[in-house]
Amino acid sequence: MVQFQARTFAEPERTVVSVSGECDLTVREQFTSVLVSAVDEAAVVVVDLAGLRFMDSSGVHGLIVGYHAARDKRRRFYVVNAAGEVARVLELTGLDGLLSPPVDGHGGAEEP
């Protein structure tokens, strides 16, 4: 089993949460806690899923909780770099559209 890891990086104007490994029920509370803490600290939170190889409904739950925490505080919450099965889960649940960074006037995603 691939170890789950969520690392937080404070950057100018935003916080990036870099997630890797597998996100399932065993790490649900850890994942959710990291996301909510990031929302508490920054006006913009970007969750980078480039290193995530698996995510089940527990990961979806964490993303929804993070999104709602950000919305309640009038902050922004985005997910980037999902690939493979993780991207498929986001597509099936509709989170890909909800949590995508805004699109610029030229058809590309703006840097969150």
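From the set of residues in segment 37-60 that are closer than 17 Å to residue 82 by Cα and among the polar types (S, T, N, Q), which is surrounded by the most Cβ atoms within 10 Å (Cβ to Cβ)? Out of the qualifying residues, it is 58. When residues in segment 7-44 are screened for being part of a loop (DSSP other than H, G, I, E, B), closer than 18 Å to residue 76 by Cα and not aliphatic (A, V, I, L, M), 2 of them pass.
Residues of segment 22-36 that are in contact (Cβ under 8 Å) with a residue 24 or more places away in the chain, surrounded by fewer than 17 Cβ atoms within 10 Å (Cβ to Cβ) and either touching a strand residue (DSSP E or B) at 6+ places or on another chain (Cβ under 9 Å) or of a type in the set (Gly, Ala, Ser) (or both): 24, 30.
Checking each residue in segment 61-101 for being assigned to a helix (DSSP H, G or I) and within 15 Å of residue 42 (Cβ to Cβ) picks out 66, 67, 69, 70, 71, 72. Taking every residue in segment 46-71 that is within 15 Å of residue 92 (Cα to Cα) and pairing it with any residue that is outside any helix (DSSP H, G or I), at least 6 positions away or on another chain, the pairs with Cβ-Cβ distances below 6 Å are 54/22; 55/23; 56/24; 58/24; 59/23.
Bear in mind that the values in this text are calculations on the coordinates, not laboratory data. Just so we're clear, the structure is a prediction, and the values are computed from it rather than from any experiment. Neighbour counts run over all protein chains shown; Cβ positions are idealised from the backbone, glycine included.
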